[in-house]
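The values are calculated or read from the model by the stated rules, or taken from the named source; none is laboratory data. The structure displayed is predicted, hence computed values, not measured ones. Cβ sites come from the backbone with ideal geometry, for glycine too, and all protein chains shown count toward neighbours. When the accessible area is computed, the model is the full protein with side chains, heavy atoms only, and any ligands, DNA or RNA have been set aside. Shrake-Rupley method; radii C 1.70, N 1.55, O 1.52, S 1.80 Å.
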Amino acid sequence: MTANIPLAFHVGPSDGPGREPDAFVPARVPGAVQLDWARAHDWAPWWQGDNFRQYRWMEEKWWTYRAVLPAMTLAPGERPVLVCDGIDYACVVRVDGAEVARHEGMFTPLEVNLGAFAGKECTLDIVILPAPRMPGAPDDRSQARGSAKPAVGYGWDWHPRLVPLGLWRAARIEMRGAGWLPKLQLGYRLAENLSAVTVKLEWEFPSAPPEGRLRYALQDTGGKTVATGEVGASAGRVVGQLTVAEPALWWCRGHGAQALYTARVELVLAGRVTATQTRRVGFRRARMVMNAGAWDRPRDFPKGRSDAPATLELNGRRIFLKGSSWVPPEVFPGLIDGARYAELLRLAGEVNMNFLTSWGGGIVNPDEFYEQCDALGLMVGTDFPLACNNYDAAGEAYLGVLEREARTIIGRVRAHPCNVMWKGGVELFNAWSGMTDQSLPLRLLGKLCYELDRDTPYLATTPLQGMMHGDYRFRDERGDDIFQIFQRVTSRLGTAHCEFGCPGPASVEVLREFIPPEELFPVRAGTAWETHHGLKAWDADPATWLSLSTLEHYFGPTGSLEELVGRGQWLQGEGMRSVFEETRRRWPECAWACNWCFNEPWPAAANNSLVTWPARPKPALALVAAACRPVLASARIPRFDWRPGETFECELWLLNDAPEAAAAGTVEARIVWGDDSRTLLRWEHAAVPAQTNLRGPTARCVLPDGAAESFELCLETPGFPERGSRYRLCCRLVVADGAAPPATRALNL
């Protein structure tokens with residue numbers, strides 16, 4: 001068995017690679033050097049006000065983690081190995097001042113044999129290098145384009161400039177003897193007709209265990225052993241294999257059970273079991289296929305390419321992806337644990353999502369994330385750590401680090417059935433990034449995905465040809481609202497909505513936690529509202545993400561913080577719901593609705609997130625849950641704001657993305673205007689086939705007179721209350737910007 005020796009670290013900064021720190025403070029591992037220094041000096045929370053700014057100097061220092069290595073008596077064949085599961089981002093390792101290793105990369109563990117130092121007490125130093133910066137790059141995220149370090153820490157429109165450094169995963173000494181078992185690597189190949197699966201088990205032994213044998217078995221979800229095998233353990237790569245007939249398949253939530261098997265392994269030496277391992281694995285076939293009609297676009301010939309395949313096929317069934325972009329739940333990844341993942345992922349499952357994009361500007365999540373997604377039936381598209389930058393100029397050294405990191409990531413994640421898609425990164429084929437499918441980093445990643453996980457789809461980036469990315473506002477510069485923006489989208493422009501958003505403020509009680517009382521209201525630039533991304537966060541629109549001009553356009557001046565927050569959260573909820581429902585209506589020509597973003601790493605005053613840091617849902621999350629129900633009555637509403645005396649109209653739909661038919665029923669449409677309730681029509685519809693949407697009639701009425709800030713459209717479904725929907729729309733009695741009231745735009749029916 002392997003014994004671990006814990007390490008007690010202190011950490012301190014210095015101004016150069018060979019300089020001794022002037023002071024050390026106690027360190028917590030996993031963690032970050034910034035957190036250790038702030039804790040020791042009793043700094044105020046980094047997430048309040050603009051406290052994060054005092055951390056800026058730390059990214060330019062060399063940080064030495066120091067621990068004492070005890071004298072160790074080794075058994076024959078035993079060796080002490082320093083294991084660091086995650087280093088952010090590059091380091092030099094020294095023992096009693098002698099350099100023994102160098103390392104770069106967050107996701108590949110560092111292992112160093114310290115056998116030469118076992119006989120005496122020694123000083124172990126792990127020196128973290130300053131944050132990498134691309135020479136000549138401006139003071140923004142482009143500084144990250146020369147390394148495989150996630151770019152988000154360099155600053156974003158929802159993330160402060162705070163670049164973490166340190167030991168972000170566990171570190172220890174492992175005493176490895178002849179009975180030590182290397183980490184199991186799992187892969188599998190399903191038969192074309194899904195009738196059998198071949199499982200490959202791999203280990204890498206540094207030396208041959210004497211007369212060692214590996215016994216392994218596969219158990220089904222009920223604990224029954226369905227296959228066994230045995231192979232000799234020898235130096236180098238050892239491969240075992242199992243075959244299972246008629247395996248239970250893993251399905252995403254809403255389409256079937258999450259069947260998970262358990263691989264159990266024993267290392268046997270001289271008839272005695274010296275080490276054991278277990279690993280969960282699920283079997284599924286994921287493919288990206290062409291959307292309905294995509295081969296016809298463009299129609300001219302010759303053509304470079306048609307729209308990219310954007311429909312996910314799981315186990316032979318085409319599935320509409322409805323989900324969100326997952327970003328790091330903390331600025332400091334060393335703070336994220338299994339409990340935080342569980343809290344957030346539970347929310348994603350409860351709101352009827354089936355898909356998350358693990359965004360390439362942040363970390364590639366550890367196994368705790370994927371294990372929980374496996375169990376919840378949440379599919380994942382995993383980005384490699386490339387985002388919104390041109391990595392072509394990074395050079396050969398970068399390609400070497402990227403290859404090592406990618407091999408580690410793929411080897412670790414490929415057995416998780418939830419991971420249905422690899423992506424080279426995000427927003428790489430854009431003018432601000434400038435990469436193409438000829439870029440060497442993307443060619444390398446495609447090669448590695450084919451070599452190591454051939455049967456999981458690979459996309460070089462998103463968006464690709466045919467996919468839509470954005471918009472992120474409730475109202476654009478032309479004066480169109482989010483209802484109108486997305487109803488204009490045709491299948492030619494949106495085979496997938498791989499990113500879209502609508503901003504909303506945090507709740508009042510949350511805002512009071514990090515904005516000083518004197519700055520809360522009225523909202524002003526140059527305060528914590530701006531620091532926490534409520535104002536001037538996005539250069540495309542300086543009013544974002546609080547959208548004060550939009551709020552005034554619909555409602556006039558705001559009289560209180562509570563009124564401001566209530567109105568902003570109302571717009572976000574109805575806006576987000578409208579996009580999810582509109583995108584679902586276009587199935588199967590459109591196959592993907594993934595909003596930006598699900599969560600956030602620090603308290604943003606306003607943001608596109610559905611969940612406020614650390615794990616507090618905004619009201620919009622409940623409306624997204626309503627829009628993502630498998631079966632629902634839905635209204636296609638031409639716009640958000642209306643006036644008394646106008647003719648209101650909406651088109652009725654029954655949306656069904658479930659794998660079974662929806663029974664025939666009735667939809668009753670009515671509006672509620674103050675105390676006035678009017679029935680518009682009663683639609684009796686036939687049964688709706690599985691994964692099919694049914695278009696119904698258009699309901700119309702003249703809106704009554706009377707002052708009201710809002711009115712409701714109610715779709716009631718007798719006998720199926722779970723299908724009903726309620727929409728809250730705006731009634732504008734005055735026009736804040738002086739423009740004439742917009743004419744009612746007839747739907748193009």
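For the range 173-181, the condition holds for no residue, the condition being that it is over 30 Å from the mean Cα position of the chain (by Cα), over 25 Å from Asp85 (Cα atoms) and either open to solvent by less than 10 Å² (accessible area, probe 1.4 Å) or in contact (Cβ under 8 Å) with a residue 40 or more places away in the chain (or both).
Name the residue that is surrounded by the most Cβ atoms within 10 Å (Cβ to Cβ), counting only residues in the range 134-153 that are in a helix (DSSP H, G or I) and charged (D, E, K, R).
Among those residues, the one meeting the criterion is Arg145.
Residues are listed down the side, and each one gets a yes or a no for (1) among the hydrophobic types (A, V, I, L, M, F, W, C); (2) in contact with a His (Cβ under 7 Å, 6 or more places away or on another chain):
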| residue | (1), (2) |
| --- | --- |
| Leu681 | yes, no |
| Gln691 | no, no |
| Leu694 | yes, yes |
| Pro704 | no, no |
| Leu715 | yes, no |
| Phe720 | yes, no |
| Gly724 | no, no |
| Arg728 | no, no |
| Cys731 | yes, no |
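Looking only at the range 348-385, how many residues end up being assigned to a loop (DSSP other than H, G, I, E, B) and of a type in the set (D, E, K, R)?
0
In the range 371-387, what count of residues is obtained for those that are open to solvent by less than 10 Å² (accessible area, probe 1.4 Å) and either farther than 24 Å from Pro630 by Cα or over 18 Å from the mean Cα position of the chain (by Cα) (or both)?
Count: 6.
Quick check on the range 83-103. Is at least one of its residues without any contact (Cβ under 8 Å) to a residue 60 or more places away in the chain, surrounded by 19 or more Cβ atoms within 10 Å (Cβ to Cβ) and either of a type in the set (Ser, Thr, Tyr) or in a loop (DSSP other than H, G, I, E, B) (or both)? No, the range 83-103 contains no residue that is without any contact (Cβ under 8 Å) to a residue 60 or more places away in the chain, surrounded by 19 or more Cβ atoms within 10 Å (Cβ to Cβ) and either of a type in the set (Ser, Thr, Tyr) or in a loop (DSSP other than H, G, I, E, B) (or both).
Residue pairs whose Cβ atoms lie under 7 Å apart, separated by 6 or more positions or on different chains, with the first residue in the range 217-243 and farther than 22 Å from Gly177 by Cα and outside any strand (DSSP E or B) and the second among the hydrophobic types (A, V, I, L, M, F, W, C) and modelled with pLDDT of 95 or more, are Asp220/Val226; Asp220/Ala248; Thr221/Ala248; Thr221/Ala259; Thr221/Leu260. Asp42 satisfies every condition listed in (1) surrounded by 16 or more Cβ atoms within 10 Å (Cβ to Cβ); (2) of a type in the set (Asp, Glu); (3) farther than 29 Å from Ala144 by Cβ except (1). Only one entry in Leu733, Leu715, Leu655, Leu681 is modelled with pLDDT of 95 or more and open to solvent by 30 Å² or more (accessible area, probe 1.4 Å), namely Leu681. The residue list Ala131, Ala75, Ala71, Ala44 contains one member that is outside any strand (DSSP E or B), under 30 Å from Ala528 (Cα atoms) and touching a Gly at 6+ places or on another chain (Cβ under 8 Å), which is Ala131. For the range 68-80, state whether one or more residues are more than 25 Å from Gly115 (Cα to Cα) and either touching a residue at least 12 places away in the same chain (Cβ under 8 Å) or surrounded by 13 or more Cβ atoms within 10 Å (Cβ to Cβ) (or both). Within the range 68-80, none of the residues are more than 25 Å from Gly115 (Cα to Cα) and either touching a residue at least 12 places away in the same chain (Cβ under 8 Å) or surrounded by 13 or more Cβ atoms within 10 Å (Cβ to Cβ) (or both). For the range 271-293, filtering for residues that are open to solvent by 30 Å² or more (accessible area, probe 1.4 Å), over 24 Å from the mean Cα position of the chain (by Cα) and not aliphatic (A, V, I, L, M) leaves 6. Summed over the range 388-397, the residues that are over 16 Å from Ala460 (Cα atoms) and open to solvent by less than 10 Å² (accessible area, probe 1.4 Å) give a count of 0. Of the helices (runs of 4 or more DSSP H) lying entirely inside the range 442-542, the ones with 2 or more residues being farther than 30 Å from Arg585 by Cβ are found at 508-514, 528-531.
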